[in-house]
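Worksheet: one structure, shown below.
Only the coordinates and a few stated rules stand behind these numbers; no lab work does. Note that the structure is a prediction, hence the values are computed from the model and not measured. Note: ideal-geometry Cβ built from the backbone for every residue, glycine included; neighbour counts use all protein chains shown.
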Ligand SMILES: Cc1ncc(COP(=O)(O)O)c(C=O)c1O
């Protein structure tokens, strides 16, 4: 969160200017905008960043002053909608706004927003970059002209990592490509398995051909990483589409989801992601707990929806665990 705060301040936004932000940002980011920045006299407009015409309208001169920042996430939580970064970059440039992209769900081995026109990319290094669920941290990746303002903000505000966190993050980074490759392969296998399971009503994963942003993800996600040869066991024959999968348990209410999560043995209940262990989160009581049930259902987050962050365990073990928990009723 400190990295996001610093990145926004590094644009020199001030009172009388506006931030145009994606409607389905991580909840705490929405809170950051609505409190810290709104309290400074900065206008905040939320928009569906999948609707480019709406983004263009929002970036146009509004009552709240000129738009200085366009803020989106590379992949949304928990429905995994993929942002059209090159189109958003064109719109931001046309309006004289900085494009800031939270890339936490897509580490740089999969997607590098600056290559698609973003001005600043932000990562919660708590997730994939440190990778072991034992660090809180963040990073901003930006072109050199932002270095001065970023250093000034981090020095004055103090959002800097301690030595232990920095060391753990650097240590985690050494295995990022290996971990993430396995996590993506596991996620793809799990997504296909869930899609065929009778107890599952819907699976949200950009690697599934039916996902609304499948073609966009295929275009944006790193082709070098994507088009690598299959590994020896023949399992690896699809491109990588990230390591988070969301799925809806058919006709499930909260009790049914709680029973499913309680029965899991290998997969761990946790609100985080990007760990070497497979983590399962329940958006209705975690990331989206502040939304009333009807509003949640409208944005596609029903009471049966579960988010899974694939770990590096053997995929057969993860699937066996999911199978016994689903079959347990
Ligand atoms: C997309 C996104 N951005 C930012 C954050 C904040 O990260 P941290 O808790 O490391 O400050 C999170 C945390 O879940 C996240 O999912």
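Side notes on the structure shown:
- Extent along principal axes [Cα atoms of the stretch 171-226; Å; largest to smallest]: 41, 24, 13
- Between residue 265 and residue 323, the modelled labels are 1.3 nm apart [label points 7 Å from Cα along Cα→Cβ].
- Mean-position separation - Cα centroids, the stretch 50-82 and the stretch 281-303, in angstrom: 21
- The stretch 82-150 - Debye-derived log10 I(q)/I(0), Cα point model, q = 0.24 Å⁻¹: -1.05
- Taking the alpha carbon gyration tensor of the stretch 2-173, multiplying each eigenvalue by 5 and rooting it gives semi-axes of 26, 18, 14 Å, largest first.
- Cα-based helix-to-principal-axis angle, 147-157 vs the chain, degrees rounded to 10: 80
- 0 to 90° range, to nearest 10: angle between helix 254-263 axis and the chain longest Cα axis: 60
- Semi-axes of the equivalent ellipsoid for the chain, Cα gyration tensor, largest first, Å: 33, 22, 19
- For a modelled paramagnetic label at residue 201, 7 Å from Cα along Cα-to-Cβ, the residues of the stretch 265-300 in reach, with backbone nitrogen under 15 Å, are 283-284, 293-300.
- For the stretch 244-316: span of alpha carbons on each principal axis (Å, largest first): 37, 21, 15
- The slack between residue 214 and residue 291, meaning 0.36 nm per residue of separation minus the straight C-alpha distance, is 25.0 nm.
- Rounded to 10°, Cα long-axis angle of helix 315-327 versus longest principal axis of the chain: 80
- Binned Cα-Cα distances of the stretch 176-327, short to long, each 5 Å bin given as a whole percent: 2, 10, 18, 23, 21, 15, 8, 4, 1, 0
- Structure-based [θ]222 nm, the chain - -39500 (n - 2.57) summed over DSSP H runs of at least 4, per residue, nearest 500: -10000 deg cm²/dmol
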